[in-house]
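Student: Would you mind keeping the following structure in view while I ask a few things?
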Amino acid sequence: MKKIISFSILCVFALTSCSDFLDVKPSNQADSSVSILTADDALVMINGLMRRMTSYDYYGRNFILYGDAKGGDLALVSQGRGLDALYTFNHSASSNSYSGYWSHIYNSILQANNLIINIDKLIDGGNTSAKLQQYKAEALTARAIFYYDLVRLYGKPYDMDKTSYGVPLPLEPLDASVLPVRESVESVYTQILKDLTDAAQSQALLQPSSSTRGYISYYANIAMQARVYLQMQNYTAALSAAEEIINSEKYTLYTNAEWVNSWKSQFGNESIFELYIVPDESDLATGSLGFYLRRLGHGSNSAMGWFVASDAFVARLGEDTDDVRLGIMDNDELAGNSKYPSGRLGSCYKYSGSTSLQGDGKATATAVNIKVIRLSEIYLIAAEAALLKSPSDKEKAAKYLQEIRKRAPNLTPADENNITLDMIINEKSKELFAEGHRFFDMMRWNKEITFNDELLESSTITHREKTIDRTFYKTILPISLGELNANPAIREQQNPGY
């Protein structure tokens with residue numbers, strides 16, 4: 001952390017340009033201690049936080065691929081195309097540590113810390129504008145998201161061992177000489193919930209009526225609470241948060257006729273939190289998530305077909321040939337070979353807008369917004385929480401599940417007599433495919449993951465077994481050697497096995 005923190009102190013205001021997102025500039029970019037002088041200055045910082053979330057090290061690509069490649073819904077056809085270790089688990093402290101998650105998210109946290117503290121200074125000085133209050137709430141919610149993602153990458157699942165090491169938990173800008181140590185998983189979750197509830201409870205912060213596109217809204221905060229409570233197995237609280245969103249009727253589920261086309265539009269009626277991708281700025285082009293999920297050679301010789309859907313996912317989605325979600329899938333490079341002579345819908349085009357690369361209305365098909373939280377997920381959270389809470393409410397669970405399950409119109413409808421957790425698990429895979437959830441869910445459910453290694457052309461996997469569970473040490477990442485050298489205080493806190 002020493003390296004990260006000292007870098008952040010120097011660069012906390014050297015934000016990447018976001019001129020297309022808003023056209024205000026900070027009063028003073030040179031001095032971080034006095035840079036935030038007005039609400040407009042704070043908005044520049046909020047904009048920078050949202051922009052950071054679109055990085056290839058985060059929601060712009062690698063974090064989402066992490067969830068599906070490690071979760072078994074994505075697979076490799078050939079090694080050597082890039083990001084193989086997400087699937088092969090070839091991680092060590094010195095190679096393929098994916099330290100970009102750690103460094104990028106911590107830099108984002110320290111920018112959020114700086115923003116929160118400087119807004120508090122303005123408020124203490126008598127500036128209590130609603131805008132400042134709102135921006136503080138957005139920063140608190142963003143910080144909660146950052147810590148939630150970090151603790152799932154580097155810490156054990158909450159119910160597995162909440163006393164084990166989570167991540168360092170700085171809440172203010174630190175001097176470069178400070179060497180923070182890792183806090184427990186439980187401590188990190190406690191702070192996450194504090195940030196979320198502090199933001200949501202403040203009268204002037206994130207009111208239910210506020211909903212600025214591309215930024216964190218009140219309901220994005222509540223949706224994050226639903227996610228976190230579900231992770232912690234607090235099913236009553238998770239259901240309450242999910243139902244607050246559902247019952248607000250602020251968002252509505254796409255109909256079957258709307259679902260496929262929703263991916264080529266921005267800020268649809270299901271989108272609770274969506275990151276805006278700006279052409280020529282945050283557009284990652286050939287490094288984008290959509291590009292990495294395309295079929296080999298589709299639209300460009302640079303499209304390498306990095307990941308395809310696993311056989312298990314293809315079969316799961318194919319249970320009903322009228323499932324509307326098949327409309328965002330297309331043949332992958334395996335289609336037409338001896339094993340798949342009639343085709344193989346293994347390439348996902350959610351982040352290309354459509355299978356014909358239409359994008360979502362911008363100049364390029366790679367500048368497609370990232371839908372971080374959709375209403376569909378909230379229905380699935382409500383279904384799971386209703387089923388697993390004590391006492392179980394199977395009628396309510398089936399009602400919420402069926403709203404998503406009917407996207408496969410020929411499947412037997414869910415009802416209180418047939419609903420099971422496995423039905424919810426399968427439906428979540430189908431609905432949220434390539435949105436970064438599967439691995440973290442499988443760890444939370446304490447399920448085995450079996451990988452589709454048979455798709456590999458000529459390679460073998462040597463860094464994991466074909467089937468793993470959450471006791472496998474590589475299901476959490478190592479802290480990189482560079483970080484251990486920069487912060488000797490956590491050298492003895494390396495994750496076991498590394």
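Student: Which order do the peptides 410-423, 95-108 take when ranked by the mean count of other beta-carbon atoms within 10 Å per residue, highest first? Mind dumping the intermediate values first?
Tutor: Numbers: 410-423: 14.1, 95-108: 19.7.
Result, highest mean first: 95-108, 410-423.
Student: Moving on. Could you give me D for the stretch 63-161, from Stokes-Einstein at 20 °C and 1.002 mPa s, where the hydrodynamic radius is the Kirkwood radius over C-alpha pairs? Units µm² s⁻¹, please.
Tutor: 132 µm²/s
Student: Still on this structure, please answer the following. Pull out a ≥ b ≥ c, the square roots of the eigenvalues of the alpha-carbon gyration tensor of the chain, then state rounded if a/c is under 1.5, prolate if not and a/b is larger than b/c, and oblate in the remaining case.
Tutor: Cα axes put the chain in the rounded bin.
Student: Two decimals is fine: what's Rg over Rh for the stretch 456-498, C-alpha atoms, Kirkwood radius as Rh? Kindly include the intermediate steps, with their values, before the conclusion.
Tutor: Details: Rg = 14.2 Å, Rh = 12.5 Å.
That ratio equals 1.13.
Student: Work out the FRET efficiency for Arg491 and Trp445 from their Cβ-Cβ distance, taking R0 = 35 Å, and round it to the nearest 0.05.
Tutor: About 0.60, to the nearest 0.05.
Student: Any chance you could give the angle, 0 to 90 degrees and rounded to 10, that helix 218-231 forms with the longest Cα principal axis of the chain?
Tutor: 60 degrees
Student: Size of the stretch 305-432 along its principal axes in angstrom, Cα-based, largest extent first?
Tutor: Here the spans come out as 48, 38, 23 Å, largest first.
Student: Between Ser342 and Gln358, what length in nm is gained on full extension when 0.36 nm per residue of separation is reduced by their alpha carbon distance?
Tutor: Answer, rounded to one decimal: 3.2 nm.
Student: While we're on this one: State, as an integer percentage, the relative contact order of the chain based on alpha-carbon contacts under 8 Å between residues 6 or more apart.
Tutor: This gives 21 percent for the chain.
Student: Please give the net charge around Val185, taking every other residue with its beta carbon less than 14 angstrom from that of Val185, where Lys and Arg add +1 and Asp and Glu add -1.
Tutor: Around Val185, the surrounding residues sum to +1.
Student: Roughly speaking, what % of Cα-Cα pairs in the stretch 396-487 are separated by over 18 Å, rounded to a whole number?
Tutor: So the pairs more than 18 Å apart make up 62 percent of the total in the stretch 396-487.
Student: What net charge is computed for the residues neighbouring Ile105, neighbours being all others with C-beta under 13 Å from the C-beta of Ile105, Lys and Arg scored +1, Asp and Glu -1? Don't skip to the end; give the middle numbers.
Tutor: Working: positive: Arg52, Arg143, Arg152; negative: Asp57, Asp149, Glu483.
So the environment of Ile105 carries a net charge of 0.
Student: In addition: Helix 2-11 versus the longest principal axis of the chain: what is the Cα-based angle in degrees, 0 to 90, to the nearest 10?
Tutor: 70 degrees
Student: Step through the residues of the stretch 457-472 one at a time and calculate ³J(HN,Hα) from phi using the Karplus curve (6.51 cos²θ - 1.76 cosθ + 1.60, θ = phi - 60°), rounding each to whole Hz and writing x for Gly and Pro.
Tutor: Using θ = phi - 60°, the values come out as 5, 8, 9, 10, 9, 10, 9, 7, 7, 5, 10, 10, 9, 6, 7, 5 Hz.
Student: Relative contact order of the stretch 277-368, please, whole-number percent, based on alpha carbon pairs below 8 angstrom and at least 6 residues apart.
Tutor: 32 percent
Student: A follow-up question, please. Which one, Phe307, Gly336, Cys348, is farthest towards the positive end of the dipole of the stretch 295-354 when Lys and Arg carry +1 and Asp and Glu -1 on their Cβ?
Tutor: Most positive-ward Cα: Phe307.
Student: Okay, next question. Show me, for the stretch 68-83, the HN-Hα J-couplings you get by feeding each phi into the Karplus relation (A = 6.51, B = -1.76, C = 1.60, θ = phi - 60°), rounded to Hz, glycine and proline as x.
Tutor: So the Karplus estimates, Gly and Pro as x, are 8, 5, 6, x, x, 8, 10, 8, 9, 8, 8, 7, x, 8, x, 6 Hz.
Student: Another one. Can you check what the net charge comes to around Ile116, using other residues whose Cβ is under 12 Å from the Cβ of Ile116 (Lys, Arg +1; Asp, Glu -1)?
Tutor: -2
Student: While we're looking at this one, here's another question. What is the stretch 277-368 by shape, rounded, prolate or oblate, if you read a ≥ b ≥ c off the alpha carbon gyration tensor as root eigenvalues and call it rounded for a/c under 1.5, prolate for a/b larger than b/c, and oblate otherwise?
Tutor: prolate
Student: Counting DSSP beta bridges with both partners in the chain, what percentage is antiparallel, nearest 5?
Tutor: Percentage antiparallel, nearest 5: 100.
Student: I would also like to ask the following. Once both axes come from the Cα atoms, what is the angle between helix 130-154 and the longest principal axis of the chain, in degrees from 0 to 90, rounded to 10?
Tutor: 50 degrees
Student: For the cross-link pairs Lys406/Lys447; Lys121/Lys194; Lys70/Lys371; Lys70/Lys474; Lys339/Lys474; Lys156/Lys371, which exceed 22 Å when the distance is taken from alpha carbon to alpha carbon?
Tutor: In this structure, Lys406/Lys447; Lys339/Lys474; Lys156/Lys371 lie more than 22 Å apart at Cα.
Student: Starting from the amide H of Ser97, placed 1.01 Å from N in the peptide plane, find each other amide H under 5 Å away whose residue is 5 or more places distant or on another chain.
Tutor: For Ser97, whose amide H was placed from the backbone, the distant partners under 5 Å are Ser92.
Student: Using helices alone, I'd like the mean residue ellipticity at 222 nm for the chain: each DSSP H run of four-plus residues gives -39500 (n - 2.57), total over residue count, nearest 500. Could the numbers behind the result be given before it?
Tutor: Working: 17 runs with 198 residues, N = 498.
The per-residue figure over the chain is -12000 deg cm²/dmol.
Throughout, read-outs are computed from the coordinates displayed, never taken from laboratory work. These numbers come from a predicted model, not from an experiment. Heads up, the Cβs are rebuilt from the backbone with ideal geometry, glycines too, and the neighbour counts pull from every protein chain shown.
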